[in-house]
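Below: the structure, in structure tokens.
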Amino acid sequence: MKRVTLLGSTGSIGVSTLNVLAQHFDKYRVYALTANRSIDIMFEQCQAFNPKFAVMLDEQSAESLAKKLKLINSTTQVMSGEQALIDVSESNNTDYVMAAIVGAAGLLPTLAAAKSGKHILLANKEALVMSGGLFMREVKANNATLLPVDSEHNAIWQCLPVGSKQQHHFDGKGVRRIVLTASGGPFRDYSTDQLEDVTPEQAVAHPNWSMGQKISVDSATMMNKGLEVIEAHWLFGMTSKQIDVVLHRQSIIHSMVDYVDGSVLAQMGNPDMRTPIANALAWPDRIDSGVAPLDLVATGRLDFSEADHQHFPCLALAYQALEMGGTSTAILNAANEIAVDAFLNKRLKFTGIAKIIEKVLTTLPASAGDTLQQILDDDHQSRELAKRLIVA
């Protein structure tokens, strides 16, 4: 029986993870669930899975949840704050940690899981985008197991040579490049003029995937794919020149590995996050995810096109930050989080997101990023500069 801590249980990845776990109560036991402020969803999840702990990042939300659970005589203990997230991630009573907190807030608990040698199911891009070198060193030093849950990275991982399942042991032999696929989001066919008038409501309506607001906007700008390029660099040891992105409207091929002998291995499936979640949970075995089998005849066709960096400037900025090195990727990520929030709150145009990121990235000097403090300091400076630029 594997004990699971789920960081970010009320988000789309968290809900999908619990859907898979509910099909396999004989194999998995939920140790801890965590969220920010989603009291009602967390209350329902605690009723269904009876975790040992429920952690709310927001203290008032934790108090409200505790009162509701007390009324039904729940045995779940409620905690609050960032340290509580870290505590349940590194606890000796948990085996697997699903890292599904969106944004920089997921960095410290995910890093704690790595330092504790956990079996980490990584859905939080920022752990690698912000602190890739530091994070991967901790994974290796503490013999943690790191399994990617992002559909693209999970696809690549499944297509890698036998024996390279743990990424920090991957040597890249025989691999020429990896190819990340992207749907292109809802604005892939928009003109530059049309992009000027995009609304938050339009941006969060993804054509293929059901995701949270922030990730949906990132998908629309293609920053999501840019962050995945950075993540792939750390997971698989590939340079930016060995990581390509292509548009694939159907989201059926989730990514590919191109070998030097001309072979290209692709992982396919319906666009449903329960597939990579089940794959990472059960590795090296396979379990039922609840996802319908892929019907190739009904799919009919698979289309591919170039991911134009002029049309998607955020993708180009991610490549630029990766090549700049050091904390440049942390600076990029922080500026993006502030810009996306401003857009969602109608304080910034959709096209302004890339402009703010570019200004911050080219203004702030990056540090080496050898320590967590350096990373957190540059993250903070990036956010403050982005806020000032948006107000101006």
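Residues of region 87-136 that are of a type in the set (Val, Ile, Thr) and farther than 19 Å from Ser16 by Cβ: Val88, Thr94, Val129. Does Leu69 qualify as being modelled with pLDDT of 95 or more, closer than 22 Å to Ile41 by Cα and buried (at least 23 other Cβ atoms within 10 Å of the Cβ)? Considered against the rule, which asks whether it is modelled with pLDDT of 95 or more, closer than 22 Å to Ile41 by Cα and buried (at least 23 other Cβ atoms within 10 Å of the Cβ), Leu69 comes out as no. Tell me yes or no: at least one residue of region 124-131 is at pLDDT 95 or above, outside any helix (DSSP H, G or I) and either touching a Leu at 6+ places or on another chain (Cβ under 8 Å) or not basic (Lys, Arg) (or both). Within region 124-131 (the criterion being at pLDDT 95 or above, outside any helix (DSSP H, G or I) and either touching a Leu at 6+ places or on another chain (Cβ under 8 Å) or not basic (Lys, Arg) (or both)), the answer is no, since none of the residues qualifies.
Screening Ala99 against (1) within 22 Å of Gly326 (Cα to Cα); (2) of a type in the set (Gly, Ala, Ser); (3) touching a residue at least 60 places away in the same chain (Cβ under 8 Å) leaves a single unmet condition, (1). Of the strands (runs of 3 or more DSSP E) entirely within region 1-119, those holding at least 3 residues that are over 25 Å from Trp283 (Cα atoms) occupy 53-56, 77-80. For region 248-259, the criterion of being touching a Pro at 6+ places or on another chain (Cβ under 6 Å), touching a residue at least 24 places away in the same chain (Cβ under 8 Å) and within 30 Å of Glu196 (Cα to Cα) is satisfied by at least one residue. Given the residues Leu235, Leu294, which is the only one that is in a helix (DSSP H, G or I) and touching a residue at least 40 places away in the same chain (Cβ under 8 Å)? The unique qualifying residue is Leu235. Note on region 334-373: residues that are within 22 Å of Arg188 (Cα to Cα) and not hydrophobic (A, V, I, L, M, F, W, C) total 9.
Residues that are assigned by TED's automatic domain parsing to the domain that holds Asp218 and either loosely packed, with under 12 Cβ neighbours inside 10 Å or touching a Lys or Arg at 6+ places or on another chain (Cβ under 6 Å) (or both): does region 277-284 have at least one? Scanning region 277-284, I find at least one residue that is assigned by TED's automatic domain parsing to the domain that holds Asp218 and either loosely packed, with under 12 Cβ neighbours inside 10 Å or touching a Lys or Arg at 6+ places or on another chain (Cβ under 6 Å) (or both), so the answer is yes. Per the conditions (1) more than 26 Å from Asp370 (Cβ to Cβ); (2) touching a residue at least 24 places away in the same chain (Cβ under 8 Å), the sole criterion not satisfied by Leu71 is (2). The condition of being assigned by TED's automatic domain parsing to the domain that holds Glu126, under 24 Å from Ala334 (Cβ atoms) and touching a residue at least 12 places away in the same chain (Cβ under 8 Å) holds for Ala105. From the list Asn19, Asn36, the one residue that fits, being under 27 Å from Arg274 (Cα atoms), touching a residue at least 12 places away in the same chain (Cβ under 8 Å) and touching an Asp or Glu at 6+ places or on another chain (Cβ under 8 Å), is Asn36. Picking from residues in region 215-269 that are more than 16 Å from Pro313 (Cβ to Cβ) and touching a Cys at 6+ places or on another chain (Cβ under 8 Å), the one that is surrounded by the fewest Cβ atoms within 10 Å (Cβ to Cβ) is Leu265. Restricting the search to helices (runs of 4 or more DSSP H) fully inside region 310-383 and requiring at least 2 residues that are buried (at least 21 other Cβ atoms within 10 Å of the Cβ) and among the β-branched types (Val, Ile, Thr) gives 328-344, 352-363.
Put simply, of Ser289, Ser263 the only residue that is touching a Ser or Thr at 6+ places or on another chain (Cβ under 6 Å) and at pLDDT 95 or above is Ser289.
Checked against the criteria, Asp295 counts as at pLDDT 95 or above, more than 29 Å from Glu196 (Cβ to Cβ) and out of contact with any helix residue (DSSP H, G or I) (no Cβ under 7 Å at 6 or more places or on another chain).
The values are calculated or read from the model by the stated rules, or taken from the named source; none is laboratory data. Not measured: the values here are computed from a predicted model. Methodologically, a virtual Cβ is constructed for each residue, glycine included, from the backbone with ideal geometry; neighbour enumeration extends over all protein chains shown.
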